[in-house]
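Presented below is the structure to which this report refers.
The values are calculated or read from the model by the stated rules, or taken from the named source; none is laboratory data. Computed from a prediction, not measured in an experiment: that's the story for all the values here. We place every Cβ from the backbone using ideal geometry, glycine too, and count neighbours over all the protein chains shown. Only protein heavy atoms, including side chains, enter the accessible area calculation; ligands, DNA and RNA are left aside. Shrake-Rupley method; radii C 1.70, N 1.55, O 1.52, S 1.80 Å.
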Amino acid sequence: MAMPATQIRRGMVLVFEGDPCRVVEFRHHTPGNLRAMVQAKLKNLRTGSNFEHRFRAADSVERALMETQDLEFMYQGGDTYHFMNTDNYDQIEMDAEALGDSAQWMQPGMRIQAEYYNGRPIGIQLPNSLVLQITDTAPVMKSATKTASSKPAMLENGVSVNVPEFVGTGEKIRINPQTGEYLDRVK
């Protein structure tokens, strides 16, 4: 499905030189009396490499036809992650390279959306927030407020994040897995 380059938006998946590429950043630029252009930072979903490309405003780009399926994470075996399709119970394997930064957030029973291109899974979409328990952090400061400084905390899945000073070991917190940021405490 071809469209003008001026309609490129962040998060879109385009077919660029035969490979699916996600638009990480883009900027529509019109320098003085020259022709308009779109400067885009793309991530090749097959190889995982990032690169930049400049499209002319008159260029035509092809949007990738992506399918999505709901999957449930079952377990990890080495560098391979095993998922089950919740519709037909087929089992699917993805390696840590295909999952990228999302691999560290995987927990058994987690439901995700997998993106397919040409019948092959190329990436996943995590939930907007995850609830995890803190296993280790510095002691709670009684005078700490939310706007005060932060401290490192180790989560149950082995990921280290920064949390406010008033959060202690054993508490459950909500995390944004896309950014790794602390959102709030869970009661």
Self-check item: For the range 50-187, size of Cβ-based charge dipole, Lys and Arg +1, Asp and Glu -1, in debye
Solution: 800
Quiz prompt | Residue-averaged [θ]222 nm for the chain, counting only DSSP H segments that reach four residues, each worth -39500 (n - 2.57) | solution = -500 deg cm²/dmol
Quiz item: Using r as the Cβ-Cβ distance of Tyr116 and Phe166, and R0 as 45 Å, what FRET efficiency do you calculate, to the nearest 0.05?
Solution: 0.55
Quiz item: For the range 1-70 and the range 99-174, what is the separation of their C-alpha centers, rounded to whole Å?
Solution: 30
Practice problem: Compare the Cα positions of Phe83, Val131, Asn33 along the charge dipole of the chain (+1 at Cβ of Lys, Arg; -1 at Cβ of Asp, Glu; about the Cα centre) and return the one farthest towards the positive end. | Solution: Asn33
Quiz item: When only DSSP loop residues count, what chymotrypsin sites (Phe, Trp or Tyr not before Pro) in the range 58-151 have their Cβ near at most 13 other Cβ atoms within 10 Å?
Solution: Tyr89
Exercise. Determine the sum of side-chain charges near Asp87: Lys and Arg each +1, Asp and Glu each -1, restricted to other residues whose C-beta is under 14 angstrom from that of Asp87.
Key: -3
Practice problem: With unit charges on the beta carbon (Lys/Arg positive, Asp/Glu negative), name the residue among Leu155, Gly119, Met74 whose Cα is farthest towards the positive pole of the charge dipole of the range 70-166. | Solution: Leu155
Exercise. Take every Cα-Cα distance within the chain, group them into 10 Å bins from 0 onward, and report for each bin the whole-number percent of pairs it holds.
Key: 8, 28, 26, 22, 13, 3, 0
Self-check item: Set of lysines near Lys142 by C-alpha distance (under 27 Å), chain-local residues within fewer than 8 positions excluded
Solution: Lys151, Lys172, Lys187
Exercise. Assuming 1.306 mPa s and 10 °C, estimate D for the range 1-111 with Stokes-Einstein, Rh taken as the Kirkwood radius over Cα pairs, in µm²/s.
Key: 99
Quiz prompt | By accessible area with a 1.4 Å probe, ligands and nucleic acids excluded, highest first: order of Lys43, Lys142 | solution = Lys142, Lys43
Self-check item: Pair Asp90, Ala58: separation of 7 Å Cα→Cβ label points (nm)
Solution: 4.4
Quiz item: Accessible area, 1.4 Å probe, largest first: how do Ser102, Ser160 sort?
Solution: Ser160, Ser102
Quiz prompt | Residues Asn33 and Val131, FRET efficiency given R0 of 45 Å [Cβ-Cβ distance, rounded to 0.05] | solution = 0.25
Self-check item: Met141 paired with Asp79, simple spin-label distance in nm, labels 7 Å along Cα-to-beta-carbon
Solution: 4.2
Practice problem: Using only the alpha carbons, work out the radius of gyration and Dmax of the range 69-165 in angstrom. | Solution: 16.9, 56
